[in-house]
Amino acid sequence: MLAETVCSAVAAAGLGIAAITAWRRRFLTAARIAAYALVPLGLVMTGAIDWLFEALTFNLTVWAGFGVLGLSWLLFMSTRAIERRRAGGKAVAGGEAPQAVAPAAPAPSLGAGRPAPAAKQQAKPADEDFSDIEAILKKHGI
């Protein structure tokens with residue numbers, strides 16, 4: 001009797017937190033919290049908490065508990081699917097996180113590893129390098 005009360009209170013608290021999270025417009029997180037909150041309620045309703053296997057066949061509450069567990073599983077799977085779709089549909093094998101790339105990363109050079117021609121190896125004078133910077137500073141009035 002105490003286990004059912006505790007599990008029901010945990011489920012109610014979790015659903016309350018999910019409602020607050022949904023009110024803050026974080027629906028994916030709210031659905032995941034609701035899924036976690038429904039697990040103890042479903043376990044109580046199925047009788048798994050008190051090991052009531054003799055009432056499993058004809059008790060409507062037990063079968064409703066299985067429905068709640070199914071709803072919880074459905075919420076888990078749908079939030080994972082939405083998360084993967086938002087990530088660009090790139091499912092990574094082995095559970096590894098995809099590697100991040102800097103937005104302004106330059107394209108790789110095609111001649112990597114080969115020596116540059118002699119014309120490109122000439123060093124620019126220091127004045128030419130600073131002339132670009134001076135132009136940018138003048139443009140901004142600095």
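The values are calculated or read from the model by the stated rules, or taken from the named source; none is laboratory data. Note that the coordinates shown come from a computational prediction; the quantities given were computed from them, not determined experimentally. No Cβ is skipped: glycine too gets one built from the backbone with ideal geometry, and neighbour counts run over all protein chains shown. Ligands, DNA and RNA are stripped out before the accessible areas are found, and what is left, the full protein with its side chains, is counted by its heavy atoms. Shrake-Rupley method; radii C 1.70, N 1.55, O 1.52, S 1.80 Å.
So here's what we get for this one:
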quantity	calculated
Tabulated pairs, the range 73-89, first among the hydroxyl-bearing types (Ser, Thr, Tyr), second surrounded by 12 or more Cβ atoms within 10 Å (Cβ to Cβ), C-beta under 8 angstrom, 6+ apart or interchain	Ser78/Ala31; Thr79/Leu28; Thr79/Ala31; Thr79/Arg32; Thr79/Ala35
Residue match in the range 98-121 (condition: at pLDDT 85 or above and either surrounded by 10 or more Cβ atoms within 10 Å (Cβ to Cβ) or more than 16 Å from the chain's Cα centre (by Cα) (or both))	no
Pair list, Cβ < 8 Å and 6+ apart or interchain, from the range 1-23 residues that are of a type outside the set (Asp, Glu) to residues that are surrounded by 14 or more Cβ atoms within 10 Å (Cβ to Cβ) and not in a helix (DSSP H, G or I)	Ala3/Ile49; Cys7/Ile49
Hey, Ala87 at pLDDT below 90 and open to solvent by 40 Å² or more (accessible area, probe 1.4 Å) or not	yes
Residues (at pLDDT 80 or above, open to solvent by less than 50 Å² (accessible area, probe 1.4 Å) and of a type in the set (A, V, I, L, M)) located in the range 40-68	Leu41, Val44, Met45, Ala64, Val68
Pairs with Cβ under 9 Å, 6+ apart, first in the range 26-51 and closer than 14 Å to Arg80 by Cα, second open to solvent by 20 Å² or more (accessible area, probe 1.4 Å) and outside any helix (DSSP H, G or I)	Ala30/Arg24
